[in-house]
1. Taking residue 325, is it surrounded by fewer than 19 Cβ atoms within 10 Å (Cβ to Cβ) and in the same structural domain as residue 221 (by the TED database)?
2. Can you pull out every residue in region 89-136 that is at pLDDT 75 or above, more than 27 Å from the chain's Cα centre (by Cα) and of a type in the set (Gly, Ala, Ser)?
3. In the set 172, 148, 132, which member is open to solvent by less than 100 Å² (accessible area, probe 1.4 Å), assigned by the TED database to the domain that holds residue 284 and aliphatic (A, V, I, L, M)?
4. On the basis of being within 23 Å of residue 200 (Cβ to Cβ), out of contact with any Leu (no Cβ under 7 Å at 6 or more places or on another chain) and at pLDDT 90 or above, does residue 252 make the cut?
5. Given the structure, is residue 299 surrounded by fewer than 17 Cβ atoms within 10 Å (Cβ to Cβ), of a type outside the set (Ser, Thr, Tyr), touching a strand residue (DSSP E or B) at 6+ places or on another chain (Cβ under 8 Å) and within 30 Å of residue 262 (Cβ to Cβ)?
6. Which of the residues belonging to region 178-224 are basic (Lys, Arg) and open to solvent by 50 Å² or more (accessible area, probe 1.4 Å)?
7. How many residues does region 197-232 hold that are over 22 Å from residue 143 (Cβ atoms) and at pLDDT below 85?
8. How many residues, within region 217-273, are aliphatic (A, V, I, L, M) and either free of Cβ contacts under 8 Å to residues at least 40 places away in the same chain or more than 20 Å from residue 285 (Cα to Cα) (or both)?
Amino acid sequence: MSTGTPLFVASVILVCVTFWGYVMQLYVIPKVILGFLMPLLQDRGSSSTYRVRFLMEYIIVLYILFILDAITGVLFLRIPLYYELELAFIMYLWHPRTQGATIVLNMILLPLVMVKFFTARVHDLLLTCIWLRSEAARTRAHAREMRLQKLRLETRHLWGMETCLNKVHDFLESRLAHDNLLGIWGVSGVGKSSLLMQLRQSYRIFAVFHHVLYFGFGSRSTVTDVQLALGVCLGYNYEMMSLMDEKSRARVIHHSLSNTSFLLLLDELEAPVDLAAVGLRMPLGKYRHQKVIIATGSKDVCALMGCAADNIIEIGCLGEDDAWSLFKNRVGDAIIDDPRIQPLAKEMAQACGGLPIALRTFAGAMSAIQDADGWRYMYKYLQARLPLSREQFADLLHNIRHW
């Protein structure tokens, strides 16, 4: 008897048992026979390595099929010929001619696994990006807070500037499109120039802007004056810029500043200046971090320059308590604590009207006088000249500085 006879007989017996199980509606028997026994009896005529590989692929697919059938089989009970189709599919999986297990595994299951793996990787990547963005936001917030703390430390000698300093810092750190022009106004001597010069020094160190430019103009605040000052700071020759007309200088400045970040500090402006005529791209900050701060003695100049109402800050004179604290700090406790001098010192501090420059000047001069007689003389000298006009007060301060 040939070796194929037992296999043939066994196959016929298994087919008969399968048919009997199907007729008796014992569907587990056909599944076991068709799913496990029949593939083992097939002689594929191939190498043992290939056969083992195929059986491994087939078992993987078959177990996945059985798991899905156990989970969802109840839902498909009413589908006509559901079990017949399932048995046919099992035969398709192991039949030598169809090689269904290999096709299903390579064409359907593995791609699904790869898609799931890829989706998981994309999900992890998105989570990483979100985490990096949050970390970057926290880093920027920490850097902003550190800059504010350092700015407060460096401007601690500017009394009464806390509220103004917070607004200026928020303006400089803002990335909003309309936050590009800030106006600071107040009478002469309240500390506008001191604030702007400190901003220039601090923000050059902070490196938030590519250019930090400061100009103090006084009575000369025309478009030409601003253009020449900007040109020199940007590295252009003064004589060359002077020979150009206004439009040519504007093109040069526009070319240098339109695509870079800058902080432009214009101090002591007495009249509005057309920034577009100077050569700045208006509106500012459309593509880059660009800011302009102007300091002037008139609120109207701020408005005419284009500052929004929320971006106009007034720096007023110091209150009585702040004025006395500044005066006392400059003179020194050793002198102020003298009961004969303290009443005179308070009267002199009050006579300064809360003007920081006057308080510093008088206190600096009086810090060298330690006897009460000298304080009485200076108090009478000041009292004899009150009230003073703005020009007279400036002359008095000038004289006191040169004592």
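1. Criteria not met by residue 325.
2. Residues satisfying the conditions are 100, 101.
3. 172
4. yes
5. Here the answer is yes, as residue 299 does meet what is asked.
6. 200, 204, 220
7. Qualifying residue count for the region: 7.
8. Looking only at that region, the number is 14.
The values are calculated or read from the model by the stated rules, or taken from the named source; none is laboratory data. Since the model is a prediction, treat every value here as computed from it, not as a measurement. Counting neighbours? That spans all protein chains shown, and the Cβs are built from the backbone with ideal geometry, glycine included. The protein model used for the area step is the full one, side chains on, heavy atoms only, and it has no ligands, DNA or RNA in it. Shrake-Rupley method; radii C 1.70, N 1.55, O 1.52, S 1.80 Å.
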